Amino acid sequence: MARGVNKVILVGNLGNDPDVKYTQGGMAITTLSVATTHVRKDRDGNQQEKTEWHRVKLFGKLGEIAGEYLKKGRQVYIEGRLEYGSYEKDGVKHYTTDIIADEMQMIGGGEGGGQRGGSEGGGYSQQRSGGEGGYSRDGGSGGSYGGERPQRSAPAQRREPAPAAKVQDFDSSVPFDDDIPF
């Protein structure tokens, strides 16, 4: 059976400070409000701006990092997937759309102010291998997070998002269905 693609990439500014909550098991769940603005020209040639607000959720170590380093006004790159949900309140059904982040990268200094290492941002991503989630940090002073044991590594260059037309290398460590019909 063929798999689908559910991929979201956002570059925007935080509308408020991250909201970090913890489950009973101690896992962080961080919610961000990210604004993106689209500019277009109307019939008369005047520029029209439209701002969209996106609710982004980050889990585990990625959520802890976002809660610690992100502040209102900070520009951020988010990569993840869409997730839809619903709940009932006072007899009325409400629908939600969330972006579940797999990767987060801080961009620029933002109004939220200081970051280590000057104006370069740091990138963090959730890596899946064998069912366990690990987290790695790209850029800045280096280091990776694999569960509870941080490991030091050589400083890495700031990672820019890959162009959309670029074909990604095949990762043989990721399991997939072999019953491809061609």
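Summary of values
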item	result
Residue tally, condition of a type outside the set (A, V, I, L, M) and in a strand (DSSP E or B), over region 7-51	18
So ASP19, is it more than 18 Å from ILE107 (Cα to Cα), modelled with pLDDT under 95 and not polar (S, T, N, Q)	no
Inter-residue pairs, beta-carbon under 8 Å, first free of Cβ contacts under 8 Å to residues at least 40 places away in the same chain and in region 38-49, second exposed (fewer than 10 other Cβ atoms within 10 Å of the Cβ) and among the acidic types (Asp, Glu), 6+ apart	HIS38/GLU49; VAL39/GLU49; GLN48/ASP42
Enumerated strands (runs of 3 or more DSSP E) restricted to region 52-140, each holding at least 2 residues that are on the phi < 0 side of the Ramachandran plot, more than 11 Å from the chain's Cα centre (by Cα) and modelled with pLDDT of 95 or more	75-89, 92-107
Selection within region 71-95 - touching a residue at least 12 places away in the same chain (Cβ under 8 Å) and under 23 Å from GLY25 (Cβ atoms)	GLY80, ARG81, GLU83, GLY85
Candidate set: region 24-47, residues that are polar (S, T, N, Q) and surrounded by 10 or more Cβ atoms within 10 Å (Cβ to Cβ); chosen: the one farthest from the chain's Cα centre (by Cα)	THR37
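The values are calculated or read from the model by the stated rules, or taken from the named source; none is laboratory data. Since we're looking at a predicted model, the values are computed, not measured. As a convention, Cβ positions derive from the backbone with ideal geometry for all residues, glycine included, and neighbour counts pool all protein chains shown.
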